[in-house]
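Written below as C-alpha coordinates is the structure these notes are about.
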Amino acid sequence: METSELVHIEEPLEEWDGELLSVRHDRQTGAWLIVAVHSTVLGPASGGTRAMHYPSPGHAVTDVTRLAGAMTLKMAVAGLPMGGGKAVIALPRPKAAVDAADWRRLLNLYAEVLERLNGTYWTGPDVGTGSGDMDVLRATTRYAFGASSALGGPGSSAPATAAGVFAAIQASCAEAGFEGLYGRRVLVQGMGAVGSLVGELVSDAGAQLLVTDIDPARCRNAVDRGARFVASADTTSTECDILVPCATGGLIDAATARTLPCRVIAGAANNPLAGDGAATVLAERGVTYAPDFVANAGGAIHLVGRQVLGWTAEMVDERTAAIGTTLQTIFADSRARGITAEQAARDLATRRLQPTVRVGS
Ligand code: NAI
Ligand code: PHE
(Lines give C-alpha, C1' and ligand atoms only; values in the text may rest on other atoms or scores of the structure.)
(Ligands and ions follow the chains in the order given, each with its own letter.)
Protein backbone atom coordinates (compact mmCIF):
# COMPACT_ATOMS: atom_id res chain seq x y z
CA MET A 1 0.00 0.00 0.00
CA GLU A 2 1.41 3.39 -1.01
CA THR A 3 1.61 5.72 1.97
CA SER A 4 0.32 8.60 -0.17
CA GLU A 5 -2.99 6.82 -0.83
CA LEU A 6 -5.87 7.76 1.44
CA VAL A 7 -6.92 4.74 3.51
CA HIS A 8 -10.36 4.84 5.10
CA ILE A 9 -10.48 3.34 8.57
CA GLU A 10 -13.03 0.69 7.55
CA GLU A 11 -10.95 -0.67 4.62
CA PRO A 12 -8.53 -2.84 6.63
CA LEU A 13 -11.42 -4.02 8.83
CA GLU A 14 -13.45 -5.51 5.99
CA GLU A 15 -11.03 -8.45 5.66
CA TRP A 16 -9.89 -8.61 9.30
CA ASP A 17 -10.73 -11.70 11.33
CA GLY A 18 -10.01 -10.16 14.75
CA GLU A 19 -12.27 -9.78 17.78
CA LEU A 20 -12.21 -6.11 18.75
CA LEU A 21 -10.90 -2.69 17.74
CA SER A 22 -10.86 0.20 20.20
CA VAL A 23 -10.27 3.70 18.78
CA ARG A 24 -9.79 6.87 20.78
CA HIS A 25 -8.94 10.26 19.30
CA ASP A 26 -7.15 12.94 21.31
CA ARG A 27 -8.16 16.26 19.86
CA GLN A 28 -5.51 18.23 21.75
CA THR A 29 -2.51 16.39 20.26
CA GLY A 30 -4.23 15.01 17.15
CA ALA A 31 -3.11 11.49 18.10
CA TRP A 32 -5.17 8.30 17.66
CA LEU A 33 -4.94 5.57 20.30
CA ILE A 34 -5.90 2.30 18.65
CA VAL A 35 -5.99 -1.15 20.24
CA ALA A 36 -6.60 -4.27 18.15
CA VAL A 37 -7.52 -7.50 19.91
CA HIS A 38 -7.06 -10.25 17.34
CA SER A 39 -7.65 -13.37 19.43
CA THR A 40 -8.31 -14.33 23.03
CA VAL A 41 -8.55 -18.07 22.30
CA LEU A 42 -5.38 -18.90 24.27
CA GLY A 43 -5.71 -16.16 26.90
CA PRO A 44 -5.92 -12.37 27.23
CA ALA A 45 -4.64 -10.61 24.12
CA SER A 46 -1.15 -9.20 24.38
CA GLY A 47 1.34 -7.31 22.23
CA GLY A 48 3.37 -4.12 22.29
CA THR A 49 2.41 -0.51 21.72
CA ARG A 50 3.91 1.13 18.66
CA ALA A 51 4.16 4.93 18.86
CA MET A 52 4.95 6.52 15.55
CA HIS A 53 3.75 8.82 12.82
CA TYR A 54 1.20 7.44 10.35
CA PRO A 55 -0.07 9.33 7.31
CA SER A 56 -3.69 8.70 8.37
CA PRO A 57 -5.72 6.75 10.96
CA GLY A 58 -6.53 4.25 8.19
CA HIS A 59 -2.82 3.46 7.79
CA ALA A 60 -2.55 3.00 11.56
CA VAL A 61 -5.51 0.59 11.58
CA THR A 62 -3.96 -1.37 8.70
CA ASP A 63 -0.72 -1.72 10.66
CA VAL A 64 -2.23 -2.51 14.05
CA THR A 65 -4.62 -5.20 12.75
CA ARG A 66 -1.82 -6.99 10.87
CA LEU A 67 0.50 -6.74 13.87
CA ALA A 68 -2.19 -8.07 16.22
CA GLY A 69 -2.68 -11.12 13.99
CA ALA A 70 1.06 -11.80 14.07
CA MET A 71 0.96 -11.70 17.89
CA THR A 72 -1.69 -14.45 17.93
CA LEU A 73 0.62 -16.66 15.84
CA LYS A 74 3.64 -15.73 18.01
CA MET A 75 1.98 -16.64 21.31
CA ALA A 76 0.63 -19.91 19.89
CA VAL A 77 3.98 -21.06 18.42
CA ALA A 78 5.86 -20.02 21.59
CA GLY A 79 3.38 -22.01 23.70
CA LEU A 80 2.42 -19.01 25.83
CA PRO A 81 -1.04 -18.77 27.44
CA MET A 82 -1.88 -15.43 25.84
CA GLY A 83 -3.82 -14.24 22.83
CA GLY A 84 -2.75 -11.74 20.20
CA GLY A 85 -3.23 -7.99 20.23
CA LYS A 86 -1.36 -4.82 19.42
CA ALA A 87 -1.77 -1.09 19.91
CA VAL A 88 -0.60 2.00 18.12
CA ILE A 89 -0.36 5.54 19.31
CA ALA A 90 -0.60 7.11 15.87
CA LEU A 91 1.06 10.50 16.03
CA PRO A 92 0.41 13.36 13.62
CA ARG A 93 4.17 14.01 13.44
CA PRO A 94 7.36 12.01 14.17
CA LYS A 95 7.70 10.90 17.79
CA ALA A 96 10.87 12.96 18.24
CA ALA A 97 8.81 16.09 17.53
CA VAL A 98 6.21 15.36 20.25
CA ASP A 99 6.99 17.31 23.41
CA ALA A 100 7.36 15.56 26.76
CA ALA A 101 4.17 17.01 28.29
CA ASP A 102 2.05 15.90 25.34
CA TRP A 103 3.59 12.42 25.43
CA ARG A 104 2.87 12.12 29.14
CA ARG A 105 -0.72 13.21 28.56
CA LEU A 106 -1.10 10.59 25.80
CA LEU A 107 0.27 7.85 28.07
CA ASN A 108 -2.21 8.80 30.79
CA LEU A 109 -5.07 8.72 28.31
CA TYR A 110 -3.80 5.42 26.97
CA ALA A 111 -3.74 3.95 30.51
CA GLU A 112 -7.42 4.91 30.77
CA VAL A 113 -8.15 3.05 27.54
CA LEU A 114 -6.35 -0.04 28.87
CA GLU A 115 -8.31 0.08 32.13
CA ARG A 116 -11.57 0.27 30.20
CA LEU A 117 -10.56 -2.82 28.24
CA ASN A 118 -10.31 -4.41 31.68
CA GLY A 119 -7.59 -6.98 30.92
CA THR A 120 -8.83 -8.07 27.50
CA TYR A 121 -5.55 -6.58 26.23
CA TRP A 122 -2.16 -6.34 27.97
CA THR A 123 0.41 -4.09 26.43
CA GLY A 124 4.21 -3.87 26.44
CA PRO A 125 7.02 -2.06 24.63
CA ASP A 126 7.47 -1.89 20.87
CA VAL A 127 8.82 0.64 18.36
CA GLY A 128 8.61 4.09 19.96
CA THR A 129 7.90 2.84 23.51
CA GLY A 130 10.12 1.35 26.22
CA SER A 131 10.33 0.37 29.89
CA GLY A 132 10.10 4.02 31.03
CA ASP A 133 6.73 4.34 29.29
CA MET A 134 5.56 1.09 30.85
CA ASP A 135 6.52 2.54 34.26
CA VAL A 136 4.23 5.51 33.58
CA LEU A 137 1.38 3.23 32.47
CA ARG A 138 1.81 0.96 35.50
CA ALA A 139 1.11 3.91 37.80
CA THR A 140 -2.54 3.87 36.71
CA THR A 141 -3.18 0.54 35.01
CA ARG A 142 -2.34 -3.09 35.75
CA TYR A 143 -2.37 -4.04 32.08
CA ALA A 144 1.20 -3.22 31.02
CA PHE A 145 4.12 -5.64 30.77
CA GLY A 146 7.77 -4.64 30.89
CA ALA A 147 8.06 -2.01 33.62
CA SER A 148 11.68 -1.37 34.62
CA SER A 149 13.39 -3.66 37.12
CA ALA A 150 13.77 -0.67 39.49
CA LEU A 151 9.96 -0.74 39.79
CA GLY A 152 9.87 -4.52 40.18
CA GLY A 153 9.07 -5.22 36.52
CA PRO A 154 10.88 -7.59 34.14
CA GLY A 155 12.63 -4.71 32.31
CA SER A 156 13.33 -4.35 28.61
CA SER A 157 12.29 -7.16 26.28
CA ALA A 158 15.01 -6.27 23.77
CA PRO A 159 17.83 -8.52 25.13
CA ALA A 160 15.60 -11.62 25.09
CA THR A 161 14.29 -10.73 21.64
CA ALA A 162 17.86 -10.36 20.38
CA ALA A 163 18.88 -13.70 21.95
CA GLY A 164 15.92 -15.40 20.25
CA VAL A 165 16.77 -13.80 16.90
CA PHE A 166 20.35 -15.01 17.29
CA ALA A 167 19.08 -18.58 17.90
CA ALA A 168 16.89 -18.18 14.78
CA ILE A 169 19.85 -16.96 12.71
CA GLN A 170 21.90 -19.99 13.78
CA ALA A 171 19.10 -22.46 12.98
CA SER A 172 18.45 -20.77 9.62
CA CYS A 173 22.15 -20.83 8.73
CA ALA A 174 22.28 -24.56 9.51
CA GLU A 175 19.23 -25.05 7.25
CA ALA A 176 20.99 -23.11 4.48
CA GLY A 177 24.07 -25.32 4.84
CA PHE A 178 26.35 -22.68 6.37
CA GLU A 179 28.93 -23.91 8.86
CA GLY A 180 28.54 -21.30 11.59
CA LEU A 181 28.59 -17.54 11.26
CA TYR A 182 32.35 -17.02 11.10
CA GLY A 183 33.19 -14.75 8.15
CA ARG A 184 29.57 -14.50 7.01
CA ARG A 185 28.29 -11.08 5.92
CA VAL A 186 25.32 -10.17 8.13
CA LEU A 187 23.30 -7.06 7.26
CA VAL A 188 21.20 -5.73 10.16
CA GLN A 189 18.46 -3.29 9.12
CA GLY A 190 17.29 -1.09 12.04
CA MET A 191 19.93 -0.44 14.71
CA GLY A 192 17.45 0.22 17.51
CA ALA A 193 16.91 -1.60 20.81
CA VAL A 194 16.93 -5.10 19.27
CA GLY A 195 19.01 -4.63 16.09
CA SER A 196 22.00 -3.15 17.92
CA LEU A 197 22.10 -6.14 20.30
CA VAL A 198 21.78 -8.65 17.45
CA GLY A 199 24.66 -6.83 15.76
CA GLU A 200 26.82 -7.40 18.84
CA LEU A 201 25.91 -11.09 19.02
CA VAL A 202 26.73 -11.81 15.38
CA SER A 203 29.98 -9.82 15.59
CA ASP A 204 31.01 -11.79 18.67
CA ALA A 205 30.34 -14.97 16.64
CA GLY A 206 32.87 -13.80 14.04
CA ALA A 207 30.50 -12.49 11.37
CA GLN A 208 31.26 -9.40 9.26
CA LEU A 209 28.64 -6.88 10.33
CA LEU A 210 26.90 -4.51 7.90
CA VAL A 211 24.44 -2.02 9.36
CA THR A 212 21.75 0.29 8.06
CA ASP A 213 19.11 2.54 9.59
CA ILE A 214 16.83 5.29 8.35
CA ASP A 215 18.57 7.34 11.04
CA PRO A 216 22.30 6.86 10.27
CA ALA A 217 23.28 8.12 13.76
CA ARG A 218 21.91 4.83 15.14
CA CYS A 219 24.69 2.99 13.26
CA ARG A 220 27.53 5.03 14.74
CA ASN A 221 28.46 2.71 17.64
CA ALA A 222 28.58 -0.37 15.43
CA VAL A 223 30.57 1.47 12.73
CA ASP A 224 33.05 2.66 15.38
CA ARG A 225 33.55 -1.02 16.28
CA GLY A 226 34.26 -1.99 12.65
CA ALA A 227 30.86 -2.55 11.02
CA ARG A 228 30.29 -1.37 7.43
CA PHE A 229 27.59 1.28 6.94
CA VAL A 230 25.00 0.67 4.22
CA ALA A 231 22.70 3.48 3.06
CA SER A 232 19.04 2.81 3.85
CA ALA A 233 18.09 2.93 0.14
CA ASP A 234 20.55 0.08 -0.57
CA THR A 235 19.19 -2.37 2.04
CA THR A 236 17.62 -4.82 -0.39
CA SER A 237 20.31 -4.56 -3.08
CA THR A 238 23.40 -5.02 -0.89
CA GLU A 239 25.08 -8.43 -1.20
CA CYS A 240 25.15 -10.31 2.10
CA ASP A 241 24.76 -13.87 3.37
CA ILE A 242 22.20 -13.13 6.06
CA LEU A 243 19.69 -10.27 6.11
CA VAL A 244 18.37 -9.40 9.59
CA PRO A 245 15.33 -7.07 9.40
CA CYS A 246 14.97 -5.23 12.73
CA ALA A 247 13.02 -2.12 11.66
CA THR A 248 9.31 -1.58 11.11
CA GLY A 249 8.33 -4.26 8.60
CA GLY A 250 7.07 -4.42 5.03
CA LEU A 251 10.66 -4.62 3.70
CA ILE A 252 10.20 -7.51 1.26
CA ASP A 253 7.41 -7.83 -1.29
CA ALA A 254 7.27 -10.42 -4.06
CA ALA A 255 9.22 -8.21 -6.47
CA THR A 256 12.00 -7.52 -3.95
CA ALA A 257 12.07 -11.22 -3.02
CA ARG A 258 12.96 -12.04 -6.67
CA THR A 259 16.20 -10.09 -6.50
CA LEU A 260 17.32 -10.06 -2.85
CA PRO A 261 21.05 -10.90 -2.87
CA CYS A 262 21.13 -12.98 0.35
CA ARG A 263 20.76 -16.66 1.32
CA VAL A 264 19.11 -16.34 4.75
CA ILE A 265 16.57 -13.93 6.27
CA ALA A 266 15.97 -14.00 10.03
CA GLY A 267 15.21 -10.96 12.15
CA ALA A 268 13.10 -9.22 14.77
CA ALA A 269 10.89 -7.03 12.60
CA ASN A 270 7.23 -7.93 12.81
CA ASN A 271 5.69 -8.53 9.36
CA PRO A 272 8.84 -8.04 7.22
CA LEU A 273 7.07 -9.67 4.26
CA ALA A 274 4.56 -7.47 2.43
CA GLY A 275 1.79 -9.33 0.61
CA ASP A 276 1.24 -13.05 0.15
CA GLY A 277 3.65 -13.96 -2.63
CA ALA A 278 6.99 -13.03 -1.03
CA ALA A 279 7.45 -16.22 1.06
CA THR A 280 6.84 -18.41 -2.00
CA VAL A 281 9.29 -16.47 -4.18
CA LEU A 282 11.96 -16.72 -1.49
CA ALA A 283 11.42 -20.48 -1.13
CA GLU A 284 11.57 -20.97 -4.92
CA ARG A 285 14.91 -19.12 -4.99
CA GLY A 286 16.30 -21.25 -2.14
CA VAL A 287 16.45 -18.37 0.34
CA THR A 288 15.93 -19.68 3.87
CA TYR A 289 13.35 -17.51 5.64
CA ALA A 290 12.71 -17.75 9.38
CA PRO A 291 9.08 -16.67 9.96
CA ASP A 292 9.14 -13.46 12.00
CA PHE A 293 6.57 -14.55 14.57
CA VAL A 294 8.77 -17.53 15.44
CA ALA A 295 12.16 -15.77 15.35
CA ASN A 296 11.17 -12.71 17.39
CA ALA A 297 9.27 -14.41 20.23
CA GLY A 298 12.03 -13.89 22.81
CA GLY A 299 10.53 -10.62 24.06
CA ALA A 300 7.11 -12.19 24.55
CA ILE A 301 8.71 -15.17 26.32
CA HIS A 302 10.56 -12.77 28.64
CA LEU A 303 7.58 -10.54 29.44
CA VAL A 304 4.94 -13.22 29.83
CA GLY A 305 7.36 -15.71 31.40
CA ARG A 306 8.59 -13.29 34.05
CA GLN A 307 5.41 -11.33 34.71
CA VAL A 308 2.63 -13.92 34.29
CA LEU A 309 4.20 -17.34 34.70
CA GLY A 310 6.76 -16.51 37.41
CA TRP A 311 9.71 -17.90 35.42
CA THR A 312 13.30 -17.26 36.46
CA ALA A 313 15.76 -15.57 34.08
CA GLU A 314 17.29 -19.01 33.41
CA MET A 315 13.91 -20.44 32.36
CA VAL A 316 13.43 -17.49 30.01
CA ASP A 317 16.91 -18.09 28.53
CA GLU A 318 16.11 -21.76 27.96
CA ARG A 319 12.77 -21.08 26.29
CA THR A 320 14.30 -18.35 24.16
CA ALA A 321 17.13 -20.59 22.99
CA ALA A 322 14.48 -23.22 22.11
CA ILE A 323 13.32 -20.91 19.29
CA GLY A 324 16.17 -22.55 17.34
CA THR A 325 14.70 -26.04 17.91
CA THR A 326 11.19 -24.86 16.99
CA LEU A 327 12.56 -23.50 13.73
CA GLN A 328 14.33 -26.79 12.95
CA THR A 329 10.96 -28.55 13.32
CA ILE A 330 9.28 -25.97 11.09
CA PHE A 331 11.98 -26.25 8.41
CA ALA A 332 11.74 -30.07 8.50
CA ASP A 333 7.93 -29.91 8.14
CA SER A 334 8.24 -27.44 5.28
CA ARG A 335 10.66 -29.74 3.41
CA ALA A 336 8.56 -32.84 4.08
CA ARG A 337 5.32 -31.26 2.88
CA GLY A 338 6.78 -29.10 0.11
CA ILE A 339 5.38 -25.89 1.63
CA THR A 340 7.06 -22.65 2.70
CA ALA A 341 8.43 -22.34 6.22
CA GLU A 342 5.97 -19.46 6.68
CA GLN A 343 3.07 -21.82 5.92
CA ALA A 344 4.49 -24.58 8.12
CA ALA A 345 4.76 -22.11 11.02
CA ARG A 346 1.21 -20.84 10.43
CA ASP A 347 -0.05 -24.44 10.41
CA LEU A 348 1.69 -25.09 13.72
CA ALA A 349 0.01 -22.02 15.23
CA THR A 350 -3.38 -23.01 13.78
CA ARG A 351 -3.16 -26.47 15.34
CA ARG A 352 -2.46 -24.90 18.74
CA LEU A 353 -5.39 -22.50 18.32
CA GLN A 354 -7.91 -25.30 17.80
CA PRO A 355 -10.35 -25.66 20.68
CA THR A 356 -9.35 -28.72 22.70
CA VAL A 357 -11.96 -31.29 23.72
CA ARG A 358 -11.73 -31.86 27.47
CA VAL A 359 -12.23 -35.35 28.82
CA GLY A 360 -15.51 -35.46 30.75
CA SER A 361 -16.94 -32.30 29.22
P1 NAI B 1 13.37 0.48 17.96
O2 NAI B 1 12.41 1.58 17.75
O3 NAI B 1 14.24 0.49 19.15
O4 NAI B 1 14.33 0.36 16.68
C5 NAI B 1 13.86 0.41 15.37
C6 NAI B 1 14.98 0.97 14.51
O7 NAI B 1 14.59 0.87 13.15
C8 NAI B 1 15.27 2.45 14.79
O9 NAI B 1 16.67 2.64 14.91
C10 NAI B 1 14.72 3.17 13.56
O11 NAI B 1 15.45 4.36 13.23
C12 NAI B 1 14.90 2.10 12.49
N13 NAI B 1 14.01 2.23 11.35
C14 NAI B 1 12.69 2.53 11.34
N15 NAI B 1 12.21 2.52 10.10
C16 NAI B 1 13.24 2.17 9.30
C17 NAI B 1 13.39 1.96 7.91
N18 NAI B 1 12.36 2.12 7.06
N19 NAI B 1 14.61 1.62 7.43
C20 NAI B 1 15.67 1.47 8.27
N21 NAI B 1 15.58 1.64 9.59
C22 NAI B 1 14.40 1.99 10.10
O23 NAI B 1 12.51 -0.88 17.87
P24 NAI B 1 12.88 -2.34 18.41
O25 NAI B 1 12.29 -2.53 19.74
O26 NAI B 1 14.33 -2.58 18.20
O27 NAI B 1 12.03 -3.25 17.39
C28 NAI B 1 12.48 -3.50 16.07
C29 NAI B 1 11.49 -4.43 15.39
O30 NAI B 1 11.41 -5.66 16.11
C31 NAI B 1 10.06 -3.91 15.30
O32 NAI B 1 9.44 -4.39 14.11
C33 NAI B 1 9.38 -4.55 16.50
O34 NAI B 1 7.99 -4.67 16.34
C35 NAI B 1 10.05 -5.90 16.50
N36 NAI B 1 10.06 -6.59 17.76
C37 NAI B 1 10.57 -5.98 18.88
C38 NAI B 1 10.60 -6.65 20.08
C39 NAI B 1 11.18 -6.06 21.31
O40 NAI B 1 11.32 -6.79 22.30
N41 NAI B 1 11.54 -4.80 21.32
C42 NAI B 1 10.05 -8.01 20.19
C43 NAI B 1 9.61 -8.58 18.93
C44 NAI B 1 9.60 -7.86 17.79
N1 PHE C 1 6.43 -5.79 21.09
C2 PHE C 1 7.16 -7.01 21.26
C3 PHE C 1 6.67 -8.09 20.31
O4 PHE C 1 6.18 -7.79 19.25
C5 PHE C 1 7.27 -7.42 22.73
C6 PHE C 1 5.97 -7.74 23.42
C7 PHE C 1 5.54 -9.06 23.48
C8 PHE C 1 5.23 -6.75 24.05
C9 PHE C 1 4.37 -9.38 24.17
C10 PHE C 1 4.05 -7.09 24.72
C11 PHE C 1 3.65 -8.39 24.80
O12 PHE C 1 6.84 -9.27 20.52
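The values are calculated or read from the model by the stated rules, or taken from the named source; none is laboratory data. From a predicted model like this one, the values you see are computed outputs, not experimental measurements. Glycine gets a Cβ as well: all are built from the backbone with ideal geometry, and neighbour counts include every protein chain shown.
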Original post:
Quick one: would you say residue 218 is basic (Lys, Arg), touching a Ser or Thr at 6+ places or on another chain (Cβ under 8 Å) and surrounded by fewer than 23 Cβ atoms within 10 Å (Cβ to Cβ)?
Top reply: yes
**OP:** Specify the residue that is farthest from ligand 2 (Cβ to nearest atom); the eligible residues are those in the stretch 124-146 that are assigned to a helix (DSSP H, G or I) and in contact (Cβ under 8 Å) with a residue 24 or more places away in the chain.
**Re:** 136
Original post:
Does residue 152 fit the bill of being buried (at least 17 other Cβ atoms within 10 Å of the Cβ) and either within 16 Å of ligand 2 (Cβ to nearest atom) or on the phi > 0 side of the Ramachandran plot (or both)?
Top reply: no
Subject >> the stretch 128-147, residues that are more than 15 Å from residue 103 (Cα to Cα) and within 16 Å of ligand 1 (Cβ to nearest atom) >> reply: 144, 145, 146, 147
Subject >> Single residue of the stretch 238-260 satisfying the filter (surrounded by fewer than 20 Cβ atoms within 10 Å (Cβ to Cβ) and among the polar types (S, T, N, Q)) that is nearest to residue 295 (Cα to Cα) >> reply: 256
Original post:
Assuming residue 310 fulfils every condition listed in (1) among the small types (Gly, Ala, Ser); (2) surrounded by 13 or more Cβ atoms within 10 Å (Cβ to Cβ); (3) not in a helix (DSSP H, G or I) apart from one, which condition is it?
Top reply: (2)
**OP:** Hey, can you tell me all the residues within the stretch 261-299 that are over 10 Å from the mean Cα position of the chain (by Cα), surrounded by fewer than 19 Cβ atoms within 10 Å (Cβ to Cβ) and not in a helix (DSSP H, G or I)?
**Re:** 261, 274, 275, 276, 277, 285, 286
**OP:** Answer yes or no as to whether residue 18 is part of a loop (DSSP other than H, G, I, E, B) and surrounded by fewer than 19 Cβ atoms within 10 Å (Cβ to Cβ).
**Re:** no
Original post:
Which one is farthest from ligand 2 (Cβ to nearest atom), of the residues in the stretch 47-61 that are in contact with a Phe, Trp or Tyr (Cβ under 9 Å, 6 or more places away or on another chain) and assigned to a helix (DSSP H, G or I)?
Top reply: 57
Original post:
Given the conditions (1) in a loop (DSSP other than H, G, I, E, B); (2) more than 26 Å from residue 160 (Cα to Cα); (3) at pLDDT 95 or above, which single one is not true for residue 233?
Top reply: (1)
Original post:
Do any residues in the stretch 43-61 that are among the basic types (Lys, Arg) have Cβ atoms under 7 Å from those of residues that are more than 9 Å from ligand 2 (Cβ to nearest atom), where the two are at least six apart or on different chains, and which pairs are they?
Top reply: 50/88; 50/128
Original post:
Only one of (1) within 11 Å of ligand 1 (Cβ to nearest atom); (2) more than 21 Å from the chain's Cα centre (by Cα); (3) of a type in the set (Asp, Glu) fails for residue 215. Which number is that?
Top reply: (2)
**OP:** From 280, 235, grab the single residue that is within 16 Å of ligand 1 (Cβ to nearest atom) and among the β-branched types (Val, Ile, Thr).
**Re:** 235
**OP:** May I ask you to list the residues in the stretch 233-247 that are of a type in the set (A, V, I, L, M) and touching a Leu at 6+ places or on another chain (Cβ under 8 Å)?
**Re:** 242, 243, 244
**OP:** Find the residue count for the stretch 147-204, including only residues that are over 18 Å from the mean Cα position of the chain (by Cα), hydroxyl-bearing (Ser, Thr, Tyr) and part of a loop (DSSP other than H, G, I, E, B).
**Re:** 2
